[in-house]
Each structure stands twice: as structure tokens, then as C-alpha cells.
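The values are calculated or read from the model by the stated rules, or taken from the named source; none is laboratory data. Keep in mind that this is a model prediction, so the values were computed, not measured. Using ideal geometry, Cβ is built from the backbone for each residue, glycine included, and neighbour counts are taken over all protein chains shown.
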Amino acid sequence: MVGGSLDAFIGDVHRRASSLDGQFDLVCGAFSSSAEKSKKTGDALGLDSSRVYGSYKEMFETEVKLPKGERMEAVSIVTPNHVHFDPAKLALEHGFHVIIDKPLAFSLDEAKELKKICEKTGNILALTHTYTGYPMIKEAKHRIENGQLGRLRKVFVEYPQGWLSTPLEQDGNKQASWRTDPTKSGQGGAIGDIGTHAANLAEYVSGLEISHVCADVNITVENRKLDDDSAALLKFGDNVSGVLIATQVAAGEENDLKLRIYGEEGGFEWTHTDPNTLLWKPLEEPVQILRAGTGYLSEVAAKNTRLPAGHPEGYLEAFANIYVAFADAVNDHKSGSFESITDYDFPNVDDGIRGMAFVATMVKSNDSDKKWTEFVK
């Protein structure tokens, strides 16, 4: 692991998710830019002190010299955005597979460069767009692919949070500080942090790509340096329209990501506050409540569910589903049976590029006096 010291939020989530199904063991780490902090984290996690490193560069250079059966095989990168590209690049070039927290990089150019490195090295890169890991999201995607909604017409995706309604970054809040700092977060604040999740989820479930946006990107808290509120009209392929909202100043909201997709024959609705439920709204028929863990769901939903119906699964399990799919790809790569990244159900480097392009497109659209801005390539 790169990053994820004891006081970090997302690093602990990755550690728990990666270990949930017994597919990964944490064997080494460079947990902080502070060697002392990294050592304390390694000690607390029970790692061999000789494999707790003061820098990710030292870790890659040392681990690659170990016998194949002993060295690390993959690295989880859980640092702020501005420390995504270099460790991912070095890991891939040293022969290690990479799973990285979103967004993929600090900029679109860095994201495109990582794709070139993946292609050159043949190593695997996975991106933790967590919400694609939920079984009922996969069920909705499966049913849409099989035509249950008919021709799609409308996509609504909204991601309201309220935690940045006050200037937490001015009070020393670590999570707020780097997320609102353009030198660490990149071009986007809320649009990079949660807007990329919303856009990715809309594309993943619908099977369509956003082609144009008409965006309004705002800073609502005084003296904040990056956006904390945004909305956009969307155009997808196949003449489908949509609406996206991503805001972190919706006071009173926790983390209520919601997706609604409508077609000629009805619609699906899913919300993160009740992730084990998918509402199926057929045209001129009663709403049906579909539940995770039940026998009437598809194999793809069942594969991503661990417990029987009525036993809630949530965020960690969705995260873990991405790790399991990543493990399948890594094991196939090791055995020589790996053919294409598209054979595996996890977000990859192309999704990461689209995420960075989404941020660039939203900013470009907001700065334009034209109604529609073509999705940045």
C-alpha cells in the first residue's frame, strides 16, 4: 500500500475491503511521506519492519529484488490526487499491478500517460469507483443490457453531501484541506471528488457514454478555492438526455447518491441510503421492489452478494467486489490466461481517463458561453 497511514480514512477502507474475501494479504507498505509515520502504521498493522518503507520508490526498488514468491504482486494507492500518478507509474514499470483510488490522476494528461504505461508493460490497473460494486447496481445494468427498459430516454444521477457546508479546510480538517486545494486535488473540487462517481455510475449502468454537457460549477463557501457545488445537463449517445448534480454543500445530507434511469418500458431507481433495494417501475404497472440476495436476481448480482436476503451488505462489500474482480485478473495474468481487461467487471484505466475528462469538460463548459460543450477527449 502507498498512503493510508493510521489517521487516513480511505486507506483503512481499502485494507478491510481487500482482506474481506481472503484474496489479498498486506505484506508491505509506504504509508506516509513521513518515514516515522509509515513505520508507526506498519507496526500497528503487524507488518515485518523490514518491509515498511520510508518512500514508495524505496518499496518498489526493494520489493522487485525479492524472489517472485515473496515479493509484493500488486499495490493499492490511496494517496491524495496529486500523489497518484508517480507511484502508479513506478509500480507498473517495476512489474506490479495497481489498484488506485479515484480519480485516476491529477490531470487528464497524467491519466492518458498511465494508459500508455499499462499498454507498454502489460500490467493491470483497477480503479475503485466503489458504487459500481453494489449487487443491485449490477442487476440494473444487467437488466438494461437485456432490454427490460426498452430504448433508454432519460438518466438522472445526483450526489448530494453536506459535509463542506462550512469552511472546514480553514479549521485544519485534513480531508477538507486537500480536497479544496487545487495543488493537491487538481482542476475539480466536488466535481472531481464525487462528480466523477456520479458520471461513472450513470455510464456504467446505462451502457452509454456522455457526449456533451451544459454545466454550472460553483463555489458557495467564501474563500474556498475549488468548486463545492455543480449541476449539468447531459447528452448521451443514442439521443438520451440526462441531469447530473454533485454538491458538497447540501446541508443536512450525508452521502445520498441516487440513480434513476428511464426507458420506453419503465424505469429503475437506486439510492445509496438503501443499496440492497432496486425499484423497478414498469409502465402502467405497480412498482416492484427487488432485493439483494434473493433467488430471482441474475447471476451477476448473485456473484457479488455474500449473504442471504435480509442480511444487509454495504460499502465495504461493494469495495471488496472490485478487489475480488481485480484479484481474478491478477491471477489470470500470473497463469498466462489473461487476455483483455474488458473481460473483468471492474473500472479500469479507460474509466479513469473518462473521469478526468469529465472534470475537464465540466470546467470548460462552465467557462463557456455556449449551451453545449463536447466531452473532452
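Checking V300, V243 one by one, the residue that is closer than 19 Å to N146 by Cα, hydrophobic (A, V, I, L, M, F, W, C) and out of contact with any Gly (no Cβ under 9 Å at 6 or more places or on another chain) is V300 and no other. Checked against the criterion of being farther than 19 Å from H272 by Cβ, among the hydroxyl-bearing types (S, T, Y) and either in contact with a strand residue (DSSP E or B) (Cβ under 7 Å, 6 or more places away or on another chain) or modelled with pLDDT of 95 or more (or both), region 297-313 has at least one qualifying residue. Being of a type outside the set (V, I, T), within 22 Å of V330 (Cβ to Cβ) and within 22 Å of the chain's Cα centre (by Cα) holds for only one residue in S107, S76, S32, and it is S76.
From the list A251, A246, the lone residue that is loosely packed, with under 15 Cβ neighbours inside 10 Å, of a type in the set (A, V, I, L, M, F, W, C) and closer than 22 Å to A190 by Cα is A251.
Taken over region 255-279, the criterion of being without any contact (Cβ under 8 Å) to a residue 24 or more places away in the chain and farther than 18 Å from A198 by Cβ is satisfied by L279 alone.
Against the definition (assigned to a helix (DSSP H, G or I) and over 12 Å from Y134 (Cα atoms)), how does N331 come out, yes or no? Working first, answer last.
Numbers: assigned to a helix (DSSP H, G or I): yes; over 12 Å from Y134 (Cα atoms): yes.
When the stated conditions are applied, N331 passes them.
In the set L290, L259, L297, only one residue is more than 24 Å from Y159 (Cα to Cα) and of a type in the set (A, V, I, L, M, F, W, C); that residue is L297. Regarding region 315-332, can at least one residue be identified that is crowded, with 21+ Cβ neighbours inside 10 Å, closer than 24 Å to I10 by Cα and hydroxyl-bearing (S, T, Y)? Among the residues of region 315-332, at least one is crowded, with 21+ Cβ neighbours inside 10 Å, closer than 24 Å to I10 by Cα and hydroxyl-bearing (S, T, Y), which makes the answer yes. The residue list N321, N366 contains one member that is touching a strand residue (DSSP E or B) at 6+ places or on another chain (Cβ under 9 Å) and assigned to a helix (DSSP H, G or I), which is N366. Only a single item in (1) over 16 Å from A111 (Cβ atoms); (2) outside the structural domain of A126 (by TED's automatic domain parsing) is not met by V330, and it is number (2).
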